[in-house]
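Everything on this sheet refers to the single structure shown next.
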Amino acid sequence: EKNRSLDFIDGDFTHSSQRETLRFDRFRLKKELAPTKFRFTHAVCTFHQWLPKETIDIAKEHYPKHFEKREEITGDIPIHLAIKKGASKDLLKKLLDANKNSASIPTTLGKQLPLHLLFESGDCNLSKIQCLLDAYPDGIETIDQKSGLFAFALPEFHRKDINPVPLS
């Protein structure tokens, strides 16, 4: 493994290979500090778009305790991973059935509830929102620790087509 130096030009890397090397080094360092365990349930929630819908049922049957476990590097539980990857309403329901408290568990890094993650992604599907609110009604009154906003304000805050105007 070559140890490459990083050359910066205007705050960016000169080559994409250098950028990939840095990403790899950061991942390797995190992995050395906190070795990860493979958890089938976490993998299913991360790659659910490409797997048969029944795969989550297999995870519930064989690995019920995995629904409460946090991923070592990010600290995410399965419902966080699934929402970040665009989970369907059916998948959310299955995840909430497997771990009733998951709608009230914040992420480790940003201290965000699953409802905050859903709104932050711009996914304002009412049936998904209702599913999370049924599981944890106080989520709508909980301030997102990352942005300092209530969940319903996050879609506007994270819109890409808005250019903020500086106050003078």
* Within the group Ile83, Ile77, which residue is in contact with a Phe, Trp or Tyr (Cβ under 8 Å, 6 or more places away or on another chain), closer than 23 Å to Ser147 by Cα and buried (at least 22 other Cβ atoms within 10 Å of the Cβ)? -> Ile77
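This table checks each residue for (1) open to solvent by less than 20 Å² (accessible area, probe 1.4 Å); (2) without any contact (Cβ under 8 Å) to a residue 24 or more places away in the chain; (3) hydrophobic (A, V, I, L, M, F, W, C); (4) in contact with a Ser or Thr (Cβ under 8 Å, 6 or more places away or on another chain).
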| site | (1), (2), (3), (4) |
| --- | --- |
| Phe67 | yes, no, yes, yes |
| Leu95 | yes, no, yes, yes |
| Thr107 | yes, no, no, yes |
| Cys124 | no, no, yes, no |
| Ser127 | no, no, no, no |
| Cys131 | yes, no, yes, no |
| Glu141 | no, yes, no, no |
| Lys146 | no, no, no, no |
* To do: Scan segment 36-47 and report the pairs whose first residue is on the phi < 0 side of the Ramachandran plot and in contact (Cβ under 8 Å) with a residue 12 or more places away in the chain and whose second residue is of a type outside the set (A, V, I, L, M, F, W, C) and surrounded by fewer than 12 Cβ atoms within 10 Å (Cβ to Cβ), with Cβ atoms within less than 8 Å and a gap of 6+ or a chain change.
  => Phe40/His62
* Sole exception among (1) open to solvent by 30 Å² or more (accessible area, probe 1.4 Å); (2) at pLDDT 85 or above; (3) among the polar types (S, T, N, Q) for Thr55, by number -> (1)
* Quick one: is Ser102 surrounded by 15 or more Cβ atoms within 10 Å (Cβ to Cβ) and farther than 24 Å from Lys69 by Cα? -> no
* Looking at segment 25-35, is at least one residue within 25 Å of Gly122 (Cβ to Cβ) and modelled with pLDDT under 95? -> no
* Asked: Would you pick out the residues in segment 109-122 that are assigned to a helix (DSSP H, G or I) and open to solvent by 40 Å² or more (accessible area, probe 1.4 Å)?
  -> Glu120
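The values are calculated or read from the model by the stated rules, or taken from the named source; none is laboratory data. Owing to the predicted nature of the structure, the values given are computational and were not obtained by experimental measurement. As a convention, Cβ positions derive from the backbone with ideal geometry for all residues, glycine included, and neighbour counts pool all protein chains shown. SASA here: full protein model, heavy atoms, side chains in, ligands and nucleic acids out. Shrake-Rupley method; radii C 1.70, N 1.55, O 1.52, S 1.80 Å.
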